[in-house]
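Here is the structure we will look at, set down as structure tokens.
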Amino acid sequence: MATTQDSPLKFGVFVPPQNVVGLNPTVAIRRAVELAVHLDQLGFDEIWFGEHHSGGSEIVASPELLIAAAAERTTRIRLGTGVVSLPYHHPFQVAARIVQLTHMTRGRVMFGAGPGQLPTDAAMFGLEATQLRPRMEESLDIILRLLAGETVSHKADWLTLQDAVLQLTPFGGDIDVSVVGTVSPSGPKLAGRHGLGLLSLAATDPTGNDQLPVHWDIVQEEAARTGHVVDRSSWRLMGPMHLAETAAQARADCAYGLRWQYGYFSHISPSAVAVPDTTDELADLINDTGRGVIGTPDMAATQIRRLLERSGGFGTYLFQGADFANWPATLRSYELFAEEVMPHFDGTLAPVVTSYDHVVAESHSNRSATAAARVAATAQWNREREAAVGS
């Protein structure tokens, strides 16, 4: 399971969330916070919370509220908005709330932005799908200027700012900002144009996976054109996984919600797969096409290597935070990943393995030296005892 990855990877979970409809919504929301605590204890680097307003599965309306709650119960994990749907908000309020969160989290907050995913959300705001991306880009430009401390005046048919300036600067002086990318070049273009991170949420979808090298080229081209410097460490790739001690157990766990989740995706995603009749058939489809992993830690490591090779390198792998399995099995999946997969990619296991291999390689000489030391110590004791008796 060794890897030749040169730079350490980071790991996290992107939580829309996607709960099986029928679960107590109060319990589901609390579990999002509990998951942050669990991941913090396991050593995951980050967790992202989404924003949705319809559908009954993705029931978090404000990622900022979850971040505020999770920040009080965690110590090191970074907390992101994954993502704020910018067309639904006034940009000044978005910027002000994010800056406040930088102080409440002592700089652990990350700002993820997107145009909004669900057409039913946009319809309730009276927006057409064609309006979302332009408004998102207009809003993001304003937010970045505000975060940089500028005084902004701006007038559009959907918002107005007059000499707007934030009364706080970000804690630590800077904020990690990322934008969503899926299949089209829109996200990579925006990331490069502003020198931001990229959240590739379709990284393991066959179409999205094909576009990974192209997307990074777009990021670099736009960054060069606008005078920004971008780094692969700010590139995050998301994909579905559920792990267990055996592949059979992982499939049994996923009888809980795997088919339900992919049925839900079929209503909200144009690239969704047709859902087979059984969990085993769906797990086969997911594994065989590289869409994700329903299996073991070894299979997860293979998937990450595949993504590294396809992309040319990235900074963070994100689990898709969906209820494929019940709560205890889901927590165990993250534990297995932390125990058996993360150390092979984050640099922590290499010195341990080196030390172990050295001991094994020197085992014969070590045993001989230990035996000789025991003989010498015994002889010395006998001499000291004889000297004491003789005196």
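The values are calculated or read from the model by the stated rules, or taken from the named source; none is laboratory data. No experiment lies behind these values; they were computed from the predicted model shown. Methodologically, a virtual Cβ is constructed for each residue, glycine included, from the backbone with ideal geometry; neighbour enumeration extends over all protein chains shown. With ligands, DNA and RNA removed, areas are computed over all heavy atoms of the protein, side chains included. Shrake-Rupley method; radii C 1.70, N 1.55, O 1.52, S 1.80 Å.
Sort largest first and round to whole Å: the equivalent ellipsoid semi-axes of the stretch 75-147, each the square root of five times a Cα gyration tensor eigenvalue. Before the final figure, lay out each step's value.
Numbers: eigenvalues 122, 36, 16 Å².
One finds semi-axes of 25, 13, 9 Å for the stretch 75-147.
Of the solvent-accessible surface of the chain, computed with a 1.4 Å probe over protein heavy atoms with every protein chain present, carbon and sulfur atoms account for 53 percent.
Hey, can you find the accessible area per residue of the chain for me, probe 1.4 Å, expressed in square angstrom? Could you put the intermediate results ahead of the total?
Details: 17990 Å² over 391 residues.
Value for the chain: 46 Å² per residue.
First check a/c for the stretch 243-317, with a ≥ b ≥ c the square roots of the eigenvalues of its C-alpha gyration tensor; if it is under 1.5, answer rounded, and if not, answer prolate when a/b is larger than b/c or oblate otherwise. Mind showing how you got there, number by number?
Working: a/c = 2.32, a/b = 1.26, b/c = 1.84.
Note, shape of the stretch 243-317 comes out oblate.
What percent antiparallel are the DSSP beta bridges of the chain, to the nearest 5?
Working: 3 of 41 bridges.
The antiparallel fraction comes to roughly 5 percent.
Projected onto the charge dipole of the chain (+1 at Lys/Arg Cβ, -1 at Asp/Glu Cβ, origin at the Cα centre), which of A32, P8, T102 gives the Cα projection farthest towards the positive end? Positive-most Cα among the choices belongs to T102.
Once you've got the GNM for the chain with C-alpha springs shorter than 10 Å, pick whichever of A369, A164, A203 has the biggest mean-square fluctuation. So, out of A369, A164, A203, the one fluctuating most is A369.
Between E362 and E335, the simple label model (points 7 Å from Cα in the Cβ direction) yields a spacing of 3.6 nm.
Could you calculate the contour length gain from E386 to A252, that is, 0.36 nm times the residue separation minus the distance between their Cα atoms, to one decimal place in nm? If you can, show how the numbers build up before the last one.
On the way: separation 134, 0.36 × 134 = 48.24 nm, distance 7.03 nm.
That pair, E386 and A252, stretches by 41.2 nm at full extension.
Between H267, H38, H194, the residue with the greatest mean-square fluctuation in the GNM of the chain (Cα pairs under 10 Å linked by springs) is H267. Once you list every other residue whose beta carbon is under 13 Å from the beta carbon of A148, what net charge do they have if Lys and Arg are +1 and Asp and Glu are -1? Around A148, the charge tally is -2. When you filter the GluC sites (Glu not before Pro) in the stretch 62-171 for DSSP loop state and at most 16 other Cβ atoms inside 10 Å of their Cβ, you are left with E72, E128, E150. Long hydrophobic helices in the chain: the complete DSSP H runs spanning 15 Å or more by Cα along their own axis with mean Kyte-Doolittle hydropathy of at least 0.0 are 25-42, 91-104, 129-147, 350-361. For the pair H228 and Q93 in one chain, pulling the backbone fully straight at 0.36 nm per residue adds 46.0 nm over the alpha carbon distance. Relative contact order of the chain: 17 percent, from C-alpha pairs under 8 Å at least 6 residues apart in sequence.
When restricted to Cα atoms, the stretch 342-391 yields an Rg and a Dmax of 20.2, 64 Å, respectively.
For the pair E72 and V352, the difference between a 0.36 nm per residue extended length and the Cα-Cα distance amounts to 97.5 nm. Which of the following values of percent of Cα pairs over 41 Å apart was calculated from the structure shown: (1) 16; (2) 8; (3) 21? Here percent of Cα pairs over 41 Å apart agrees with entry (3).
Taking a temperature of 10 °C and a viscosity of 1.306 mPa s, what whole-number D in µm²/s does Stokes-Einstein yield for the stretch 289-391 with Rh from Kirkwood over alpha carbon pairs?
On the way: Rh = 18.6 Å.
The diffusion coefficient I find is 85 µm²/s.
The shape of the stretch 118-219 can be summarised by an equivalent ellipsoid whose semi-axes, obtained from the alpha carbon gyration tensor, come to 27, 20, 11 Å from longest to shortest.
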